[in-house]
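The structure under discussion appears below in the form of C-alpha cells.
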C-alpha cells in the first residue's frame, strides 16, 4: 500500500491537467462512434433474430453463418481487413467508416443472440391466441411477442452495449484519435506512463459507469413490472 500511495504522490498533476482536454475530445469521438455502431448492431440483431424466429430458410442460414463468422473473429482482425485489406481490391473506407462497420458487424451477432433468446422465451401459445382474436402476424409481433422478448433481453443487451464500448479501445489501429490512441501517443512522446494510463482509466469509467447504472435501473424497473420473472 505504501508503494501505491508513493506512486500516486509522484504523479505529475500539471501534465495531467494540460493534456486531459485531449482525452475529453477522444472520449467524445469514442462515444459517438461507439453509439453509432451499437445502433446499427441493434438493427442487424433484430433482423437476424426475426429471420431465425420465423424460420425463413435462406435468411436463417445467412444469419447463422454471419453470427458464427462475427463472433469467432476478433474486432481487431475485422478492422485490419476493412482498413488494410479492402483497399487492395479498390474499396477505400475512412477510419471512422471502418470503426463503425467493424463494431456493427461484431455487435450485430451478440445483439442477435440476445434477442433470439428473448423471442424463444415467449410462449408459443401467445402467437396462436393473438392470431385467433384477429391480429395479423405483423401486429402479433409488434404488440405481443416483441415487447416481451425485448424486456427479457434487456440484461444481455445492456451487457453487450458495455462490451462494445470497451471494444472501441482497438479503434486506434485504424488511425483514429480515440482514447487508446491518445494514451499511447502521450506515453510515446513524454514517457508519462502512469499519468497517461490513469487518465485513460478515468475516461473509460466516465463513459461506462452511467451506462452501467442506467442498465441496472432499467432491469429493476422491468423486474418490478413483472417482466423479469
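The values are calculated or read from the model by the stated rules, or taken from the named source; none is laboratory data. Fair warning: this is a prediction, and the values are worked out from it, not measured in the lab. Neighbour counts run over all protein chains shown; Cβ positions are idealised from the backbone, glycine included.
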Residues in segment 106-124 that are assigned to a helix (DSSP H, G or I) and more than 14 Å from the chain's Cα centre (by Cα) total 7
Cβ pairs under 9 Å, 6+ apart or interchain, first in segment 35-58 and touching a residue at least 24 places away in the same chain (Cβ under 8 Å), second surrounded by fewer than 20 Cβ atoms within 10 Å (Cβ to Cβ) and outside any helix (DSSP H, G or I), ordered by first then second residue, are 50/56
From the residues in segment 5-43 that are in a helix (DSSP H, G or I), over 33 Å from the mean Cα position of the chain (by Cα) and under 19 Å from residue 202 (Cα atoms), which one is modelled with the lowest pLDDT? 5
Hits in segment 143-194 (condition: touching a residue at least 24 places away in the same chain (Cβ under 8 Å) and either at positive phi or in contact with a strand residue (DSSP E or B) (Cβ under 8 Å, 6 or more places away or on another chain) (or both)): 175
Residue within segment 153-169 that is modelled with pLDDT of 85 or more and over 20 Å from residue 210 (Cα atoms) present: no
How many of the residues making up segment 44-74 are within 28 Å of residue 176 (Cα to Cα) and not in a helix (DSSP H, G or I)? 3
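So that you can scan it fast, the table gives a plain yes or no per residue for (1) outside any helix (DSSP H, G or I); (2) at pLDDT 95 or above:
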| residue | (1), (2) |
| --- | --- |
| 76 | no, no |
| 81 | no, no |
| 88 | no, no |
| 92 | yes, no |
| 104 | no, yes |
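Conditions (1) in contact with a strand residue (DSSP E or B) (Cβ under 8 Å, 6 or more places away or on another chain); (2) farther than 21 Å from residue 146 by Cα; (3) surrounded by fewer than 16 Cβ atoms within 10 Å (Cβ to Cβ), marked per residue:
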position	(1), (2), (3)
39	no, no, yes
63	no, no, no
78	no, yes, no
95	no, yes, no
100	no, yes, no
108	no, no, no
112	no, no, no
Test: residue in segment 214-222 that is without any contact (Cβ under 8 Å) to a residue 12 or more places away in the chain and under 30 Å from residue 12 (Cβ atoms): no
